[in-house]
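Only one structure is covered here, and it is reproduced in the block below.
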Amino acid sequence: MKLYALCDQDTLNSRKLTLKDFVGFAKKHNAEIIQYRNKNASLEEIKESLIELRNLWDGFLIINDKVELISFCDGVHMGQEDLAKIDKNLEAAVAKIRAEIGSDKLFGISTHDEKEVENANNMDLDYIGLGAFKQTLTKDVTNILGEDLDKIASKSLHKVAAIGGVKLTDVFENVTYLVVGTGLYEG
């Protein structure tokens, strides 16, 4: 399995870590992808962070939710709620975003159960995030998949990134990426 490192700005701030610190952790653990998530900054501030990350990081760089900043990274990841803001029909929302970002950018969405995975199978995506595997420190999670995550992942036609409380030591049969955030600092 490959490592997909989740760089959450609020977590960095709470731990008094910099983007450079985070990239160092990601490199130490041979991450392939970094997703940058910042829910509280302006677009300009997020853009500046993406530019800094790009100067520090040669791997894939994904932005969380901010499609308008796609030119500064290699792809975008969207949650179900954010897709619904674009269009109540999630397939239509995905089609709109894919048309905007093009086929050369990575595109992934979060899924939380077997039904959402099956719906995602009909969408033009590069991967899905599936979870939460366990409780996580960065989000309030109500749907914990636990050991069922791997079985549900087997239903996906896309690559699967296990999300939510994932640790570097977790092992799955049907998952391509481990999405690890705070666990990077522990290893």
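Quick notes on this structure:
- Test: residue in region 49-61 that is within 17 Å of ALA161 (Cβ to Cβ) and in contact with a His (Cβ under 6 Å, 6 or more places away or on another chain): no
- Any hit, region 83-106, residues being surrounded by 15 or more Cβ atoms within 10 Å (Cβ to Cβ) and among the polar types (S, T, N, Q): no
- Hey, SER42 small (Gly, Ala, Ser), over 18 Å from the mean Cα position of the chain (by Cα) and more than 11 Å from ALA5 (Cα to Cα) or not: yes
Here's the yes/no breakdown for (1) of a type in the set (Asp, Glu); (2) under 18 Å from the mean Cα position of the chain (by Cα):
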{"position": "ALA84", "(1), (2)": "no, yes"}
{"position": "ASP87", "(1), (2)": "yes, no"}
{"position": "ARG98", "(1), (2)": "no, yes"}
{"position": "GLU116", "(1), (2)": "yes, yes"}
{"position": "LEU125", "(1), (2)": "no, yes"}
{"position": "ALA132", "(1), (2)": "no, yes"}
{"position": "ASP148", "(1), (2)": "yes, no"}
{"position": "ALA153", "(1), (2)": "no, yes"}
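- Residues of region 153-186 satisfying the condition of being of a type in the set (Val, Ile, Thr), within 20 Å of HIS77 (Cα to Cα) and surrounded by fewer than 23 Cβ atoms within 10 Å (Cβ to Cβ): THR176, THR182
Conditions (1) in contact (Cβ under 8 Å) with a residue 12 or more places away in the chain; (2) under 25 Å from SER49 (Cβ atoms), marked per residue:
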{"position": "ILE70", "(1), (2)": "yes, yes"}
{"position": "VAL76", "(1), (2)": "yes, yes"}
{"position": "ALA92", "(1), (2)": "no, no"}
{"position": "ARG98", "(1), (2)": "yes, yes"}
{"position": "ASP104", "(1), (2)": "no, yes"}
{"position": "PHE107", "(1), (2)": "yes, yes"}
{"position": "ASP126", "(1), (2)": "yes, yes"}
{"position": "THR136", "(1), (2)": "yes, yes"}
{"position": "THR142", "(1), (2)": "no, no"}
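- Any hit, region 59-76, residues being modelled with pLDDT of 95 or more, surrounded by 14 or more Cβ atoms within 10 Å (Cβ to Cβ) and more than 17 Å from the chain's Cα centre (by Cα): no
- Counted as qualifying within region 95-187 are no strands (runs of 3 or more DSSP E), as none has 3 or more residues that are among the aromatic types (Phe, Trp, Tyr) and under 24 Å from GLU68 (Cα atoms).
- Test: residue in region 8-16 that is modelled with pLDDT of 95 or more, of a type in the set (Lys, Arg) and touching a helix residue (DSSP H, G or I) at 6+ places or on another chain (Cβ under 6 Å): no
The values are calculated or read from the model by the stated rules, or taken from the named source; none is laboratory data. Owing to the predicted nature of the structure, the values given are computational and were not obtained by experimental measurement. Glycine also receives a Cβ, built like all others from the backbone with ideal geometry; neighbour counts cover every protein chain displayed.
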